[in-house]
Amino acid sequence: MGKLVASVSNSLHSPGSFLEKIETYFFGNIPLSFKSNRTAPSILLFMKKKNSVSVLTNCTFKRNEECIVDFKNRKGWIHFVGIGGSGLSALAKLALKQGFEVSGSDLVWSSYMEGLLEAGANLHIGHSVSNIQGNDGSRFPNAVVASSAIPQDNVEILHAKSVGVPIYKRDYWLAKLTEKYNLIAVSGSHGKSTTASMLAYVLKAMGDDLTAIVGAHVPQFPDGSIFYGGGKNFVLEADEYDGCFLGLSPSVAVVTNLDWEHVDIFEDEDAVKSIFRRFLKQIRVGGHLVICGDSQGARSLLDQIKQDTGLKYSGGVVSNQSSDLWGQGHDYKIITYGFSSFNDWYAESVCPNVQGGSDYILCERGRPLAQISLQIPGVHNVLNSLAVIATVLTLIGDKRQSHESIACLKLPLSKFMGVSRRFDLIGTIYGCHIYDDFAHHPTEVRAVLQAARQRFPNKALIVVFQPHTYSRLVVLKDDFANALSEADQVVVSAVYAARETNDWNFNGKDLAASIIGPPSEYIPCLGNVVDKLALQILRDPHPEIVILTLGAGDVTTVGPKLLHELQTRSQDARH
């Protein structure tokens, strides 16, 4: 094992210090402070796009005698606006681990903020000038990091700008954070969180002292959504939303799939493909692209590479010198995975196992190598595990150690328990199993239903679906109806609007009416959904059913409330 770990570590780039890089990149060796100067180029430029704040990276700063951040000693105060979200909360948690003073604000409390509070972050509910003024207004943060969802007229952003505090969007902060590491950026329309967390978990189990950031809670991560280590690898869930991943420079880029998602940002699937092509231009010279060859959308990227370079992509090297599309001088190797035998790595003989997950035979270019077992269900997680295997073996890079490496991979893969809100068991009562899942796109809904059928082939599936954003519902309404038709009963709630208003005159009631096959009902209030399901289950106290609550909003509260209601009524009946 020691030899294997050395091989993983020694084949990678030196991480350097993010803090030293920030000091060098922005400040050099000259003490600086930032002041508002209307006559000079501003340190911040607001661009109204999708009501979000954009930050130019070619900032101009004014020299001053005062040094406002001691980056080498990891001292300073960083304030995160939108800290309750999965992305920014993970960055804040990492900043705490690095030794920074951390504060943050959001409109409402979230579960992500609980761990931050325990770790020592200063948190605020609501946005206010006072949140970024310490010591009676005489002290300000050394930097402000803003979520993509934060509007340009946010009071904290405006005040920080007025007093000369540098402000960065999440994408630029991530770019500077990771640029000295051997970055493994896990991208894709679906499966990013699971694949990135599985990859980090496996590498950690194999002895790699990596750093990782995942945009979800991972029960097997000691710090929930991050690992913080001293090694050279940095595993990052790379998000395409608002082009967040375009500033990254990965040594290994993983693309799990490509689909039309975030319809409020991308006008069609071609727009999604375009931004992923731009992301692939960022792969470092001599790097690798690990991509699902079975995903039609992802495969279109490979077809484009073949068309523009004239090279075969299965196991081949892409030379970008022949095509402006891929960025002059950028060469990288492509590794494909999937179920089809034309992929470099593929799965054969996939079948359910006693853990409720899947077993399969791992093959490399026609050679069966090992049997892999997973405890997380669904064929989509078989694909996620293949991405992990292909990536780990790419990092090790020594063909002579491939059999030893696969042997080391098998155990952590079988022990990986998944990500919160991905087929989470809430509880079982009266023989009724209640699960919760983040699925909020038709592809994800279909995948979780397939996983439920795999684990519970003889039980009826009742789906409680909360649409997330009106734009997604309207654009993908037919796909949602088709995906939900695979359930045995569907309850659709009111739309979780998130950042939107209903400008389309279409809602959850219209979706429920369009579902063909299973009985479907529109119940806008989640509390009424709990009451309905409780009565239905109590009429038949030994049902053979699985209840799935699906969506990215507060539908996650339905499962625990339903379980509590059933437990309470059960106790009342006994008394």
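The values are calculated or read from the model by the stated rules, or taken from the named source; none is laboratory data. The shown structure was predicted, so the numbers you read here are calculated from the model rather than taken from an experiment. Here Cβ is always computed from backbone atoms with ideal geometry, including for glycine, and neighbour counts include all displayed protein chains. We work out accessible area using only protein heavy atoms, side chains counted, and drop any ligands, DNA or RNA first. Shrake-Rupley method; radii C 1.70, N 1.55, O 1.52, S 1.80 Å.
What to note about this one:
- Region 424-573, relative contact order in percent, only Cα pairs under 8 angstrom and at least six apart counted: 35
- Local charge for I283 was computed over the other residues whose Cβ lies under 14 Å away, with Lys and Arg +1 and Asp and Glu -1, and equals +3.
- Taking all protein chains as they are arranged and a probe of 1.4 Å, the heavy atoms of Y522 leave approximately 70 Å² accessible to solvent.
- Summarising the label geometry, the points placed 7 Å from Cα in the beta-carbon direction at D531 and Q571 lie 2.2 nm from one another.
- Once the chain from S249 to S341 is taken as fully extended at 0.36 nm per residue, the excess over their C-alpha distance is 30.1 nm.
- Based on alpha carbons, the Rg and Dmax found for region 424-573 are 14.7, 47 Å.
- Listed by chain and number, the aspartates and glutamates whose C-alpha is less than 18 Å from the C-alpha of K176, apart from same-chain residues fewer than 8 away, are E20, E23, D70, E237, D239, E240, D242.
- Cut-off 18 Å (backbone N to label point 7 Å along Cα→Cβ of H542), residues of region 429-444: 429-433
- Loop-located GluC sites (Glu not before Pro) in region 505-575, at most 13 other Cβ atoms within 10 Å (DSSP): E544
- Neighbour-limited loop hits for chymotrypsin sites (Phe, Trp or Tyr not before Pro), region 89-119 (at most 13 other Cβ within 10 Å; DSSP other than H, G, I, E, B): W109
- Here region 77-172 is treated with +1 on each Lys and Arg Cβ and -1 on each Asp and Glu Cβ, and its dipole about the Cα centre works out to around 240 debye.
- Region 77-172 - convex hull of the alpha-carbon atoms, volume per residue in Å³: 88
- L88 sits among other residues whose Cβ lies under 14 Å from its own Cβ, and their net charge, with Lys and Arg +1 and Asp and Glu -1, is -3.
- Surface share of carbon and sulfur [accessible, 1.4 angstrom probe, percent] for region 424-573: 50
- Calculated FRET value between K75 and D223, using beta carbons and R₀ = 22 Å, to 0.05: 0.55
- Taking a straight Cα-Cα cut-off under 15 Å and skipping sequence neighbours fewer than 8 places away in the same chain, the aspartates and glutamates within cross-link reach of K410 are D359.
- Entries in K273/K333; K93/K273; K477/K532; K93/K180; K93/K477; K97/K415 that, when Cα-Cα distance is taken, lie over 30 Å: K93/K273; K93/K477
- What the Cβ-Cβ distance of W504 and S300 gives, at R0 = 35 Å and to the nearest 0.05, is a FRET efficiency of 0.80.
- Each Lys or Arg adds one and each Asp or Glu takes one away; over the other residues whose Cβ falls under 13 Å from the Cβ of V558, this sums to -3.
- Extension reserve of the V354-D270 stretch, reckoned as 0.36 nm per residue once the Cα distance is removed: 26.1 nm
- Stretched out straight at 0.36 nm per residue, the stretch from H564 to D209 would grow longer than its current Cα-Cα span by 123.7 nm.
- Rounded FRET efficiency, nearest 0.05, which uses the C-beta distance separating D331 from Y522 and R0 of 41 Å: 0.15
- Cα Rg, Dmax (largest Cα-Cα span) when computed across region 140-240, Å: 15.7, 48
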